[in-house]
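Engineer: Below are the structure tokens for one structure; questions will follow.
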Amino acid sequence: MTSLPEHPSATKLGLVIDLDTCVGCHACVVNCKEWNTGGYPAPLTDQNPYGRDVSGAWLNRVHTFEAGEGAEGRTVHFPKSCLHCEEPLCVTVCPTGASYKRGEDGIVLVDEDRCMGCGLCAWACPYGAREMDMGVGVMKKCTLCIDRIYNENLEEADRVPACVATCPASARHFGDLGDPNSEVSKLVAERGGYDLMPEQGYRPTNKYLPPRPRRDATAAGTAPKALEEASPEGGFLGWVDKLLSAV
Amino acid sequence: MHPAYSVIFFTTASGAGFGLLALLGVLGPLQLLPADRWFGLAALVVAFALAVGGLLSSTLHLQSPARARYAFSQWRSSWLSREGVASIATMMVAGVFAIGWVLFEATAGWWALAGLFSALGAAATVVSTGMIYAALKPIRQWRDPLVVPVYLLFALATGAVWLDAVVAVLAGGNWAVSLGAMIALTAAWAVKLAYWRRIDTGRSKSTPESATGLGGLGPVRLLMAPHTEENYLQREMGYRVARKHAVKLRAIAAIAGLGLAAPLVLAGWLLPAGPGAVCAVFAALLATLGVLVERWLFFAEARHTVTLYYEKIMA
């Protein structure tokens, strides 16, 4: 059913991604692929994986941006996966009923047995969160690791999405963003977490934490000291330079 | 957006087919077209062939076409589903209308009602087609109030030139149909020119800064892409070839679709039956070619916000 849930619960499961601590190692990308190619959306195929023109469906990607000019410029690693929006156009445009948003926790999923692979949902997503699996012929997307977070066969500590579990910098946090007292909501409040492209009106659940300001704001503006002259005039160095040049 | 050839062919052909069907459904019952069964058969065969051929070609771009049957289920929320439902319903009503015209040479009474309902259904189908694009917020050039009028007017105009061609070949021409076709062509291209002016002067709400939320640090540009080879998103939504030649392609589309097609319709009206019919058929072919190029540009000139995450590589 591609109409949005009429009475969504207050629970909004999602991710909080810390752009200050992300080191751009792509471990979340790899562990996402690893888990999901055997999990809910399995298989997550690649085409020509060992040849030229490698291609495949991945549910999480890390872009690297440069923000700001000159000495003020920052390199920011930017992980991006489905934001599990509250106004997901990808769901309502789906003609077959394959795309849906769960009322109980807000997770956006694809019922692969109904997907005809028209690709309209990928066009409807401003963030590029959906990728067609050319090997299976259906659309794939982040499931928020629905087969981990509710999985009672796993230790409780492991009931988080694969990307969160593997991040060596703890740049990814999982929790209920509908609950103002949850750890993730506090983190968002404390660090000024924000929405991507709020002007598009999708009301994404996932939030991004901005890079922290530099500790020493003045140091960034000061140019490094210049090296001494190679051919100094006068003084002790001038005398040594003249003497050695003459030898 | 990458032009998907099956979708371009689909919207052009089924637009013309539903346009022709709508005109037959209205002008037939008003007794403005020859009532004989051979004319009805020929005109309805052209309309059905264009509409059905287009709909079948649209399934070519599906990755799992066997599941297309589910596409009729979500008409409450999805314009693509509404288009599917409207097109099938229209075909069924038009089938009844066709039975009346071809088997009984009757287009009045209940048959007329079937004709009028097939015209309404055809209009609803084309509106749904336009709304599929106009509902997509991430693509500024598609989410434009002129997109649906352009789809409707081109369906009407190409339907009218095809009707003019059928009338010219089978019934020696009809000045009212020719005049109507020229007016519809002119109106469609006038609105299209206004649309092109709008997309040339408009600006996207979103920028690399808003896409990343890093604008507070300064201008944002991509340093490293997330992957070395092209992925689905880039193949589907990145396209540069046509944008490079957009001005020339717009001229080619307008010259073929209006500059040559409209004078040929006029020639078909003024010349004697034989050469007139040849001109009318060429007018229909050129008008359709013009719309094909216009549809191709509709895709190629459209920019999706996902390109903001790949700027430099896809822009």
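Engineer: Using a 10 Å cut-off on Cβ to Cβ distances, tally the other chain neighbours for every residue of A:57-63 and report the average as a whole number.
Structural biologist: Per residue, the average neighbour count from other chains is 4.
Engineer: Rounding to the nearest 10 and keeping the result within 0 to 90°, find how far the Cα-based axis of helix A:235-246 lies from the longest principal axis of chain A.
Structural biologist: Its long axis makes an angle of about 80 degrees.
Engineer: Using a cut-off of 18 Å between alpha-carbon atoms, which aspartates and glutamates can reach residue B:248, once sequence neighbours fewer than 8 places away in the same chain are excluded?
Structural biologist: Of all the aspartates and glutamates, those that pass the test against residue B:248 - Cα under 18 Å, at least 8 places apart if same chain - are B:200, B:294, B:301.
Engineer: Taking the Cα atoms of segment B:15-147 alone, what are Rg (to one decimal) and Dmax (as a whole number) in Å?
Structural biologist: Expressed in Å, the Cα Rg and Dmax of segment B:15-147 come to 16.1, 51.
Engineer: Between residue B:221 and residue B:38, what FRET efficiency comes out of the Förster formula 1/(1 + (r/R0)^6) with R0 = 45 Å and r the beta carbon distance, rounded to 0.05?
Structural biologist: E between residue B:38 and residue B:221, to the nearest 0.05, is 0.10.
Engineer: I would also like to ask the following. If you count, for each residue, the other Cβ atoms within 10 Å and average over each peptide, how do A:146-156, A:174-184, A:195-205, A:12-22 line up from highest to lowest?
Structural biologist: A:12-22, A:195-205, A:174-184, A:146-156
Engineer: By Kyte-Doolittle mean hydropathy of at least 1.6 and Cα axial length of at least 27 Å, which whole DSSP H helices of chain B are selected?
Structural biologist: Taking the DSSP H segments of chain B (at least 27 Å long, mean hydropathy at least 1.6), we get B:5-27, B:37-58, B:147-171, B:273-300.
Engineer: Between segment B:189-220 and segment A:24-59, what's the alpha-carbon centroid distance in Å?
Structural biologist: Taking the Cα centre of segment A:24-59 as reference, the centre of segment B:189-220 is 32 Å away.
Engineer: What does the average come to when, for each residue of peptide A:86-93, you count the partner chain Cβ atoms lying within 10 Å of its Cβ?
Structural biologist: For peptide A:86-93, the averaged partner shielding equals 3.
Engineer: May I ask you to derive the relative contact order of segment A:13-221, considering only C-alpha pairs under 8 Å and at least 6 residues apart, and to give it as an integer percent? Let's see the in-between values first.
Structural biologist: Numbers: 402 pairs, mean separation 61.3, N = 209.
Across segment A:13-221, relative contact order equals 29 percent.
Engineer: Eigenvalues of the Cα gyration tensor times 5, then square-rooted: what semi-axes does that give for segment B:1-46, in whole angstrom, largest first?
Structural biologist: Equivalent-ellipsoid dimensions as semi-axes: 30, 11, 4 Å.
Engineer: How large is Rg over Rh for segment A:13-221, taking Rg from the Cα atoms and Rh as the Kirkwood inverse mean of 1/r across Cα pairs?
Structural biologist: A ratio of 0.98.
Engineer: Using alpha carbon coordinates only, what is the Rg to Rh ratio of segment A:64-170, with Rh defined as the Kirkwood radius?
Structural biologist: Rounded to two decimals, Rg over Rh is 1.05.
Engineer: Give me a single rounded figure for A:75-82: the average over its residues of other chain Cβ atoms within 10 Å of their Cβ.
Structural biologist: 3
Engineer: Here is a further query. May I ask for log10 I(q)/I(0) of chain B at q = 0.09, 0.10 Å⁻¹, from a Debye sum over the Cα atoms as equal point scatterers with solvent left out?
Structural biologist: -0.50, -0.60
Engineer: Over the C-alpha atoms of segment B:237-290, what are the Rg and the largest Cα-to-Cα span, Dmax, in Å?
Structural biologist: Every Cα atom of segment B:237-290 included, Rg and Dmax give 14.7, 50 Å.
Engineer: Ranked highest first by the average count of other Cβ atoms within 10 Å around their residues, in what order do B:275-285, B:107-117, A:63-73 fall?
Structural biologist: Most protected by this proxy first, the peptides run B:275-285, B:107-117, A:63-73.
Engineer: For segment B:1-37 and segment A:94-142, what is the separation of their C-alpha centers, rounded to whole Å?
Structural biologist: Centre-to-centre distance over Cα atoms comes out at 32 Å.
Engineer: Take the residue pairs A:186/B:137; A:101/A:186; B:137/B:244; A:101/B:205; A:33/B:205; A:101/B:137 and return only those whose Cα atoms are more than 22 Å apart.
Structural biologist: Beyond 22 Å: A:186/B:137; A:101/A:186; B:137/B:244; A:101/B:205; A:33/B:205.
Engineer: At 4 °C and a viscosity of 1.567 mPa s, what translational diffusion coefficient does Stokes-Einstein give for the protein assembly as shown, taking Rh as the Kirkwood radius over Cα pairs? Give it in µm²/s as a whole number.
Structural biologist: Translational D for this selection: 49 µm²/s.
Engineer: By average Cβ neighbour count within 10 Å, what is the ranking of A:116-126, B:158-168, B:264-274 from highest down?
Structural biologist: B:158-168, A:116-126, B:264-274
Engineer: Which value in Å does the Kirkwood hydrodynamic radius of segment B:145-298 take, with 1/r averaged over all unlike C-alpha pairs and then inverted? Working shown, then result.
Structural biologist: On the way: mean 1/r = 0.0557 Å⁻¹.
Hydrodynamic radius (Kirkwood, Cα pairs) of segment B:145-298 is 17.9 Å.
Engineer: Next up: Among residues other than residue A:185 whose Cβ falls under 13 Å from its Cβ, what is the net charge (Lys/Arg +1, Asp/Glu -1)?
Structural biologist: Numbers: positive: A:12, A:186, A:191, A:207; negative: A:176, A:179, A:183, A:190.
That works out to 0.
Rule-based calculations on the coordinates, nothing more; no lab input. Everything numeric here is computed off the predicted structure, so don't read it as measured data. Using ideal geometry, Cβ is built from the backbone for each residue, glycine included, and neighbour counts are taken over all protein chains shown.
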